[in-house]
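The values are calculated or read from the model by the stated rules, or taken from the named source; none is laboratory data. As the structure is a computational prediction, the values presented were derived from the model and not from experiment. Glycine gets a Cβ as well: all are built from the backbone with ideal geometry, and neighbour counts include every protein chain shown.
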Amino acid sequence: MSYITNIFTGFWSVLAGMVVTLKYMFRKPVTEVYPRVKKPMFPRFKGPTSFVVDEKTGDHRCISCELCVKICPSLCITLEKERGEDKKFHLKEYKVDYTLCSLCSLCIEVCPTDALTHAKDYEIPALSQSEMINDFLKPFREKQKTSQPVAP
Amino acid sequence: MNELFRIILSLVIVIGFVLINSLVLVWLERKVSARIQLRRGPLYVGWFGLLQTFADALKMLGKELIFPKNCDKVLYFLAPILSFAPVLGAFLVIPFGQHLVIQDLNIGLLLVFAFSGLSFIGIFMAGWASNNKYSLLGGMRSVAQNISYEIPLLLSSLNIVMMAKSFRLSDIVRAQAHVPFILLQPLAFIIFITSALAESNRTPFDIPEAESELVAGFHTEYSGLRFGIFFISEYTYVFISSCVATALFLGGSHGPFLSGWAWFLMKAYFVVFVVMWVRWTLPRLRSDQLITFAWKVLIPLSLFNIICTALALQLLKQ
Amino acid sequence: MTQTQNDTHWITEGLTVESALEHVYAKNGFHQEFVISKDSLRELAQRFRSREYFLECLSVVDYPDHFECCYQFNRWDKIHRVLVKVRNPDKTHPHFPTLSDIYEGANWYEREGYDFFGVIFDNHPHLTRLLLPETAKIHPMRKDFKGDSGTDVEDVLALIEYEDHQYEKVSQELKNKYQKDYFINMGPQHPSTHGVLRLLLHLDGERVLETYPVIGYSHRDHERMAEYKNYLQFTPNMGRMDYVGAMSFNFGYIGLIEKALGMAPSPRAEYIRVFSTELNRIASHLLWLGTYLLDLGAMTPFFYCFDDRENILDMLEMLTGERLTYNFFRFGGVAYDVPEGLGDQLKAFIPKMRGRLKDYKILIEKNIIFMKRTKEIGVLTKDQALSYGVTGPMLRACGIAYDIRKAEPYSIYPEMNFEIPTFPGCDTFARYQVRLAEIEQSLRIAEQAFAKMPEGPIKGEKAPKVSPKVPAGEFYFAVESARGHYGEYLVANGSANPYRLKQRTPSYANLSSLSSMLSGHLVADVVAVLGSTDVVMPEIDR
């Protein structure tokens, strides 16, 4: 007897499962058509680290204290500085190697002047390792070039 | 001469139909699975992604054909052909319409089973010739499975033969002019569909190619066009099974308003859809459970069904 | 506590005890500690085994003047963590007795000890490399190891040569010995070994005679990294170990350091921690459910589970900014406060998830094929579970309600109203039932924790601004991760980085029991049983 009831319950369970999948078949798809439809990122999205552009000066806020270099667990930050005429340190070079960076945001938390932040950019593929080394000062240098009057 | 020309012409038509049909079926499978899984499926190549499979087929054609190291080259080369060719033969007797049948043989049903029973030899050869352990396991499973499921497949269609009193498929269709046999033989229909699923290696019976256990089973070592032929033969097999199920149980080309072949194709594609729906719902059986299911459930049930049919026929006769 | 002390004379009765210590459990996580001689270790282990203590962890520590094996024994029903230390002053080839015949779980721990420290366990049945390649000539966790192992290419070439040689040797042996037997390498490239696990299956036809799991393909030596980095710098590593349930691992490490520092996080942070951990646990179980069904051949539930999981990941991304490898917990608190809108999402998600669970039950649990595939497959008896030190849902599927959240409650779990689901089946079906019931319980906890969350700062008053210095001592802290008992054994010497940080990861012990669960099953069951253990390879390989 249990032989027959087993066959029936088995058959019934298969049908019940098929009803569930049929129900889902008429629901709206949940996937996004990614490259054509882009989802906005959440405010806390952790993209690659980058410098904050100071609203007042239009420059970065880095004071070359090297705290981020010391805290970085993956040793991905290279910082070069030079002592200017006003006895203060000036940032000469700030590069992050994204082949090493794990986006842990410890450098952002440790920064005393809040000079670092996560960018919201997420489409940043690279074809070689050298492209993965990001020069943070590059946009600032370009800005300087364009804003300065052209020498006669 | 005329007859020979007709045969050659139909062969060309059949091959063309098989290729286009399997492209459509792959597209249908993708769409059905996508909708069941809350996805969208192919969207952009062609109308609703209809040409996506065509693009994939082109990609497949462009791939290098590889002979794996230490494989049995002759068998390796022959296996995809041997699994594909018998399925083509089965088209010979399918009655797509009232007169749309290539050769209306009086043993049509047997011919279909004879041809479709051959295709597992190709699968086993592929498993053996690849010189891959997973492929070998897949091939062995395939043999066990095909031998087991051939029996309920034949036994369940025997009911129909008894009721229509003919092996000729067009006679069987003609016998369903008023009532399709699915209403008279629901159990036989379920057994037939289940065994046909198993014969065509579809989930939940896809153990020869169980991708989570055997990587890709018998076609692990196949790539490019040869893999494509296996792929096409699987889909064609599904279609043939659906056609036979339509002819045996769903009344074939009978139906109001539309012409016969349209009804036939609609019914066949509906069966294909059900097969896909089953595939995307159920998990896979284990190999021993699969064979137990055939010998302990399907075969006794179909024997029981045959006895009932025979008794009923005899009683009605008197 | 006095009760336990009175009852524990049996532990050392008649054995040579070099020193014994009573620990304050609340301070460092141990009840008792014994330093005993090498000769009496096996006798002691047998006593623990006969009284249903399981071997929680075995850590080898390299001290300047001796090697030390620290065995931790614990109970399921009434927490009583005993630390047993054995010392050997031989710094080149220290010998210790093996426990692998008493506790089968010790097998892998001892191999790991040999691998990392060059410690030799006498009479071990198979003392070879476990996590490092078989050809490695280094013992990287020794304090005198400086990282001079030669070039990578040479290592790889040597490994290939070694494996070829081994393959020839094995196949020759097989040809001579078994004519019909069959070896299959399942993995590391295989669709259902969940990452980079390799199973060497010894088959007779399709029947599995023996299974040898080969692990270590994603080994990064987090324990060594911990010794090089300071306490704060090590926090991002936690998300890289168990990437599916990273919050629990965050919890484990941060909780350990907080315990060692003797400080408490702010109340609000506790609630944020608990609800985010529980959400992450649901996400982990959903990922397991989806991939498990994929292993069994059903592809559709995978997508439903990922749909639900996506909702959770969205919520956690709103909270933490990360989707998978969370680095969210900080000493004394959490990194960010709860953002606006998260509460609404959570309120919408919980009833939706409960509705989905009903669908899963119809689609999966009631299905005849699923039941056939999972019932009475991969049976792990209670005694085997004890012997291997299996924890988590796998243990609860043996009907034992051992859950750290109840057994040794941490954080605010005592305030939460929830149950520990147990099922007596001991098989893969029971494991499925446990995990599905846990999703429900986790939903309850997350709901309660979010509702009860007080206002206030997200970091405690004493929260260190820079990397803290942990006072010298030994500490153990365990949390219930999605896969089981995740514990960390910290030996601190008062400096800025740990002297030794042993990670007791749950899947490690769970996976080591695989071979005993598999014998006699078919190849198709291998994936069913392996899937039911819910392994996350980077957590095992560390």
### Task
Those residues that are among the hydrophobic types (A, V, I, L, M, F, W, C), within 14 Å of chain B (Cβ to nearest Cβ) and assigned to a helix (DSSP H, G or I), I need them from segment C:294-321; list them, please.
C:L294, C:F302, C:F303, C:C305, C:F306
### strands (runs of 3 or more DSSP E) contained entirely in segment C:12-103, each with at least 3 residues that are without any contact (Cβ under 8 Å) to a residue 40 or more places away in the chain
C:17-22, C:67-75
### Task
Please work out which residue is farthest from C:W288 (Cα to Cα), limiting yourself to segment C:175-200 and to residues that are at the interface with chain B (Cβ under 9 Å from one of its Cβ atoms) and at pLDDT 75 or above.
C:F183
### Query
Across segment B:134-157, what is the number of residues that are farther than 13 Å from B:N201 by Cβ and surrounded by fewer than 19 Cβ atoms within 10 Å (Cβ to Cβ)?
5
#### Entry: Scope segment C:251-282; condition buried (at least 24 other Cβ atoms within 10 Å of the Cβ) and among the polar types (S, T, N, Q); matching residues
C:S276, C:T277, C:N280
### Query
For segment C:494-514, how many residues are in a helix (DSSP H, G or I) and more than 8 Å from the chain's Cα centre (by Cα)?
3
### Task
Looking for whichever is outside any helix (DSSP H, G or I) and within 12 Å of chain C (Cβ to nearest Cβ) here; the options are A:L91, A:L75. Which one fits?
A:L75
### Task
Might you check whether a residue that is over 24 Å from A:G58 (Cα atoms) and either small (G, A, S) or modelled with pLDDT of 80 or more (or both) occurs anywhere in segment A:89-97?
yes
### Task
Could you list, in sequence order, all residues of segment A:101-131 that are assigned to a loop (DSSP other than H, G, I, E, B), within 12 Å of another protein chain (Cβ to nearest Cβ) and of a type outside the set (G, A, S)?
A:C101, A:L103, A:C104, A:P112, A:K120, A:Y122
#### Entry: Qualifying position, being part of a helix (DSSP H, G or I) and modelled with pLDDT of 70 or more, among C:Y109, C:Y167
C:Y109
#### Entry: Complete set of residues in segment C:366-391 that are within 12 Å of another protein chain (Cβ to nearest Cβ), among the charged types (D, E, K, R) and free of Cβ contacts under 8 Å to residues at least 12 places away in the same chain
C:K366, C:K372
### Query
Yes or no: B:F96 surrounded by 15 or more Cβ atoms within 10 Å (Cβ to Cβ) and in contact (Cβ under 8 Å) with a residue 12 or more places away in the chain?
yes
### Task
Could you grab me the full set of residues in segment A:46-58 that are in contact with a strand residue (DSSP E or B) (Cβ under 9 Å, 6 or more places away or on another chain) and part of a loop (DSSP other than H, G, I, E, B)?
A:K46, A:G47, A:P48, A:V52
### Message
What's the total number of residues in segment C:326-344 that are surrounded by fewer than 21 Cβ atoms within 10 Å (Cβ to Cβ), outside any helix (DSSP H, G or I) and in contact (Cβ under 8 Å) with a residue 40 or more places away in the chain?
### Response
3
### Task
From the list C:N497, C:N493, pick out the single residue that is under 30 Å from C:F117 (Cβ atoms) and without any contact (Cβ under 8 Å) to a residue 24 or more places away in the chain.
C:N493
### Task
Considering each residue of segment B:28-79, count those that are closer than 30 Å to A:V19 by Cα, part of a loop (DSSP other than H, G, I, E, B) and within 14 Å of chain C (Cβ to nearest Cβ), and give that number.
5
### Query
Is one or more of the residues making up segment C:518-525 in contact with a helix residue (DSSP H, G or I) (Cβ under 6 Å, 6 or more places away or on another chain), away from chain B (no Cβ under 14 Å) and buried (at least 23 other Cβ atoms within 10 Å of the Cβ)?
no
### Message
Out of C:D242, C:D204, C:D221, I need the residue that is of a type in the set (D, E) and without any contact (Cβ under 8 Å) to a residue 60 or more places away in the chain. Which one?
### Response
C:D204
### Task
Within segment C:471-493, track down each residue that is within 18 Å of C:D534 (Cβ to Cβ) and not in a strand (DSSP E or B).
C:A482, C:R483
### Task
Output yes when any residue across segment C:430-440 is of a type outside the set (V, I, T), within 14 Å of chain B (Cβ to nearest Cβ) and under 19 Å from the mean Cα position of the chain (by Cα), and no when none is.
yes
### Message
Please go through segment A:8-24 and give me each residue that is touching a helix residue (DSSP H, G or I) at 6+ places or on another chain (Cβ under 8 Å) and more than 10 Å from chain C (Cβ to nearest Cβ), ordered by number.
### Response
A:L22
## Note on the structure
In the set B:L197, B:L187, B:L183, the lone residue that is part of a helix (DSSP H, G or I) and within 14 Å of chain C (Cβ to nearest Cβ) is B:L197
### Residue, nearest to B:N21 (Cα to Cα), within segment B:243-279, restricted to residues that are touching an Asp or Glu at 6+ places or on another chain (Cβ under 9 Å) and within 12 Å of chain C (Cβ to nearest Cβ)
B:M276
### Query
Would it be correct to say that C:G531 is within 14 Å of another protein chain (Cβ to nearest Cβ), assigned to a loop (DSSP other than H, G, I, E, B), within 30 Å of B:D288 (Cα to Cα) and of a type outside the set (K, R)?
no
## Note on the structure
The residue from B:F192, B:F167, B:F205 that alone is crowded, with 24+ Cβ neighbours inside 10 Å, part of a loop (DSSP other than H, G, I, E, B) and in the same structural domain as B:F96 (by TED's automatic domain parsing) is B:F205
### Query
Any chance segment B:101-113 includes a residue that's crowded, with 19+ Cβ neighbours inside 10 Å and of a type in the set (F, W, Y)?
no
### Task
Considering only segment C:335-351, state which residues are within 12 Å of another protein chain (Cβ to nearest Cβ), on the phi < 0 side of the Ramachandran plot and more than 30 Å from the chain's Cα centre (by Cα).
C:P339, C:E340, C:L342, C:Q345
### Residues satisfying the stated conditions in segment A:36-64, i.e. within 13 Å of chain C (Cβ to nearest Cβ) and either among the hydrophobic types (A, V, I, L, M, F, W, C) or farther than 30 Å from C:Q345 by Cβ (or both)
A:M41, A:F42, A:F45
### Task
Tell me, yes or no, whether segment B:39-53 has at least one residue that is within 26 Å of B:S119 (Cβ to Cβ) and without any contact (Cβ under 8 Å) to a residue 60 or more places away in the chain.
yes
### Task
Under 8 Å between Cβ atoms, at least 6 apart or on separate chains: pull out the pairs that start in segment B:280-298 with a residue that is facing another protein chain (nearest Cβ under 7 Å) and end on any residue that is among the basic types (K, R) and surrounded by fewer than 23 Cβ atoms within 10 Å (Cβ to Cβ).
B:L285/C:K372; B:R286/C:K372; B:Q289/C:K372
